[in-house]
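Student: One structure coming up, written as structure tokens, with questions to follow.
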């Protein structure tokens, strides 16, 4: 198995509401089959899928999926100031800022938010892992000087 995340699927209560949230952040849907809403990302795809259908597919009770799932998604940004900018966009789009932008003990700067279904995201600037020029791709040890 190659070391890559290709698809992140989020079980959501209202697919159109969730899609509208991501679209309000400037994301664009890609063509997908009925019952799935997909957003291509840099080297990955985010899929929105009915929480009820996902529970059925997994063979678990829907109530077993509710609450914090134990998964956080992260978006690394180019500058320290970008963390607060992204969190402001999230707030305006209807998300909930869980932790405002702040310095982190390891030398970075980050904050957390939840989307309308409670999925938790981190927004981070890591000065030790500069993003790739142009497409903003992330890799653990960065792409050289930012």
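The values are calculated or read from the model by the stated rules, or taken from the named source; none is laboratory data. None of the values given here were measured: they were computed from a predicted structure. Cβ placement follows ideal geometry from the backbone for every residue including glycine, while neighbour counts extend to all protein chains displayed.
Every residue, every condition in (1) within 19 Å of residue 26 (Cβ to Cβ); (2) at pLDDT below 90; (3) in a strand (DSSP E or B), yes or no:
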| site | (1), (2), (3) |
| --- | --- |
| 67 | no, yes, no |
| 73 | yes, no, yes |
| 81 | yes, no, no |
| 85 | yes, no, no |
| 90 | yes, no, no |
| 100 | no, no, yes |
| 118 | no, yes, no |
| 121 | yes, no, yes |
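Student: Somewhere in region 87-106, is a residue touching a residue at least 60 places away in the same chain (Cβ under 8 Å), on the phi < 0 side of the Ramachandran plot and touching a helix residue (DSSP H, G or I) at 6+ places or on another chain (Cβ under 6 Å)? Please lay out each step first, then the result.
Tutor: Of the residues in region 87-106, the ones touching a residue at least 60 places away in the same chain (Cβ under 8 Å) are 89-90, 92-95.
From what is left, the residues that are on the phi < 0 side of the Ramachandran plot are 89-90, 92-93, 95.
From what is left, the residues that are touching a helix residue (DSSP H, G or I) at 6+ places or on another chain (Cβ under 6 Å) are 93.
Yes; the residues of region 87-106 include at least one that is touching a residue at least 60 places away in the same chain (Cβ under 8 Å), on the phi < 0 side of the Ramachandran plot and touching a helix residue (DSSP H, G or I) at 6+ places or on another chain (Cβ under 6 Å).
Here's the yes/no breakdown for (1) under 26 Å from residue 138 (Cα atoms); (2) surrounded by 14 or more Cβ atoms within 10 Å (Cβ to Cβ); (3) in the same structural domain as residue 88 (by TED's automatic domain parsing); (4) at pLDDT below 95:
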| site | (1), (2), (3), (4) |
| --- | --- |
| 18 | yes, yes, no, no |
| 21 | yes, yes, no, no |
| 24 | yes, yes, no, no |
| 27 | yes, yes, no, no |
| 30 | yes, no, no, yes |
| 35 | no, no, no, yes |
| 45 | yes, yes, no, yes |
| 53 | no, yes, no, yes |
| 58 | no, no, no, yes |
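Student: Look at residue 84 and say whether it is surrounded by 16 or more Cβ atoms within 10 Å (Cβ to Cβ), farther than 24 Å from residue 6 by Cα and in contact with a strand residue (DSSP E or B) (Cβ under 6 Å, 6 or more places away or on another chain). Steps first, please.
Tutor: Details: surrounded by 16 or more Cβ atoms within 10 Å (Cβ to Cβ): yes; farther than 24 Å from residue 6 by Cα: yes; in contact with a strand residue (DSSP E or B) (Cβ under 6 Å, 6 or more places away or on another chain): yes.
Yes; evaluated as a whole, the condition is true for this residue.
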